[in-house]
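Bear in mind that the values in this text are calculations on the coordinates, not laboratory data. Bear in mind that the values here come from a model prediction, so they are computed numbers and not experimental data. Cβ placement follows ideal geometry from the backbone for every residue including glycine, while neighbour counts extend to all protein chains displayed.
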Amino acid sequence: MLTGDIGAEGLWLNDAGHRDFLICDARRALDLFDASPREGGGFHVLELDGRPQPGRLQEIHTTTRLVHSYGLAALAGRPDRAGIMDQGMDYLWSHHRDAQHGGYLWGLDGDAPVDRPKLAYGHVFVLLAASTAKMAGHPDADRLLADITEVIDRHYWDADAGLLRDEFTRDWQVFSGYRGMNANMHGVEALLAAHEATGDGEYLHRAGRILQFFIGGQAAAHVWRIPEHYHQDWTPDTAYAGDPMFRPAGTTPGHSFEMARLLLQWWDAAGRPAGDAVAQARALVDTALADAWDGERGGLAYTLKMDGGVDIADRYWWPVTEAIGALAALQKADPTPEAEGWYRSLWQFAADRFIDHEHGGWFPEIGPDDRPTVTQFAGKPDIYHALQADLLPLAGGLSAQATELSRTRPLAV
């Protein structure tokens, strides 16, 4: 439900009609992505209408995000009818895991490894997949969780800095001093899931150290915008411009939303310690909305300059999903009319522009005419962002959201 009466407490999070809308959107997306498994192992990328795309390339973020998404869905009461968790967990162990050098390969073309560095970004998604699989009761989760934790410990975790290093060659040689926020942000997501899955406080402690650096340190020093890129000594590299999709220049408002949500999840999991977590999360969200929202057409710019000016104005689906998740978290922690208004506006915009009401799932990009377009993405690249926008608001609390979904099972028929 996107218009009409709201619940007794005035929040869409508590409104039965809105929750039904979230459940319906999640189910339709899962029905679409049920077509993902590839015969012989791995997964297809899907066309906009859900048909498998040609090609054999299998990248690790596709594998892991599907495992995580279908694990969350299973916890929420929707059975994995396509066997995606089983196929993904098997493929991670039999193909992505590098039996020669250890760690996990970014991509494979059939059975042949693609020549790419071993990235922290890919490895933390393995930790996320393993953690969610463990909570969903998958029999192979413990071996994967133990292996990926050891790999991250040995190669990526910089104990002195309390942050994750970014990249190595396949045989673990150092070839760059690049450090980045993106891998660390998803590292926080994975560490929080691992803490929920195991109860091990070290995961929570490390998540807190990363958040303190990027939010209490960098965001606070840069008017609540987070620099994306860093030198080896962890000073911001504001001149860096790399891959326009994974390492764009400047600052990324979608990541500010994600970091705000993750900060509130950590704060809740840590027992809500005294401090500025809620105020910091709100500052990140308010700044990103003020900078990135397109006041004429709606939607959020992809990247910004460090002064808040728009750099890449392209409007993708995932910043909208992450803004929804951050606002839902804020409304659970400290509800305000302003955040409620944004939460509703973003869902209305998503329903009007991004959600594919014919086939299910979300279009990844809209053009200047507000219609779906294909420039950066081919087809529907993943279910992960949009499914979490549906499921996280349905969870009763801020942290332990997988546990909450398993308790209430909102997707069960």
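With the charge dipole of segment 12-396 set up from +1 on Lys and Arg Cβ and -1 on Asp and Glu Cβ about the Cα centre, the Cα lying farthest toward the positive end among the listed residues 317, 391, 298 is that of 391.
Given +1 at the Cβ of Lys and Arg, -1 at the Cβ of Asp and Glu and no other charges, the dipole of segment 68-178 around its Cα centre is 300 debye to the nearest 20.
State whether segment 236-288 is rounded, prolate or oblate according to the following rule on the C-alpha gyration tensor (a ≥ b ≥ c being the square roots of its eigenvalues): a/c under 1.5 gives rounded; otherwise a/b larger than b/c gives prolate, and the remaining case gives oblate. Taking the square roots of the gyration eigenvalues as a ≥ b ≥ c, segment 236-288 is prolate.
Here segment 262-413 is treated with +1 on each Lys and Arg Cβ and -1 on each Asp and Glu Cβ, and its dipole about the Cα centre works out to around 500 debye. When the GluC sites (Glu not before Pro) in segment 331-394 are filtered for DSSP coil states and for at most 12 other beta-carbon atoms within 10 Å of their beta-carbon, the remaining sites are 358. Potential lengthening of the chain between residue 114 and residue 403 amounts to 100.4 nm, from the contour at 0.36 nm per residue minus the alpha-carbon distance. Helix screen, the chain: DSSP H segments with Cα axial length of 20 Å or more and mean Kyte-Doolittle hydropathy at least 1.0 are 120-135. Taking the average, over residues, of other Cβ atoms within 10 Å as the packing measure, peptides 152-165, 380-393, 300-313 rank 380-393, 300-313, 152-165 from highest down. The residues packed around residue 404, meaning those with a beta-carbon under 13 Å from its beta-carbon, carry a net charge of +1 if Lys and Arg are +1 and Asp and Glu are -1.
Classify segment 319-408 as rounded, prolate or oblate from the Cα gyration tensor: take a ≥ b ≥ c as the square roots of its eigenvalues, call it rounded if a/c is under 1.5, otherwise prolate when a/b beats b/c and oblate if not. Here segment 319-408 falls in the oblate category. Around residue 179, under 12 Å between beta carbons, what's the net of Lys plus Arg minus Asp minus Glu among the other residues? After counting each charged neighbour, the total is -4.
Shown here for segment 215-323: GluC sites (Glu not before Pro) in loop regions (DSSP other than H, G, I, E, B) with at most 10 other Cβ atoms within 10 Å, namely 296. Computing Cα extents along the principal axes in Å for the structure here picks out one of (i) 59, 47, 44; (ii) 66, 41, 39; (iii) 80, 47, 43, namely (i). Other residues lying with their Cβ under 13 Å from the Cβ of residue 308 contribute a combined charge of -2, Lys and Arg counting +1, Asp and Glu -1. Please give the Cα centre distance for segment 11-64 versus segment 277-341, rounded to the nearest Å. Here the answer is 24 Å between Cα centres.
Given +1 at the Cβ of Lys and Arg, -1 at the Cβ of Asp and Glu and no other charges, the dipole of the chain around its Cα centre is 400 debye to the nearest 20. With the charge dipole of the chain set up from +1 on Lys and Arg Cβ and -1 on Asp and Glu Cβ about the Cα centre, the Cα lying farthest toward the positive end among the listed residues 242, 381, 108 is that of 108.
If you take the square roots of the eigenvalues of the alpha-carbon gyration tensor of segment 17-86 and sort them as a ≥ b ≥ c, do you get rounded (a/c under 1.5), prolate (a/b over b/c) or oblate? Prolate shape, in that a/c is at least 1.5 and a/b is the bigger ratio.
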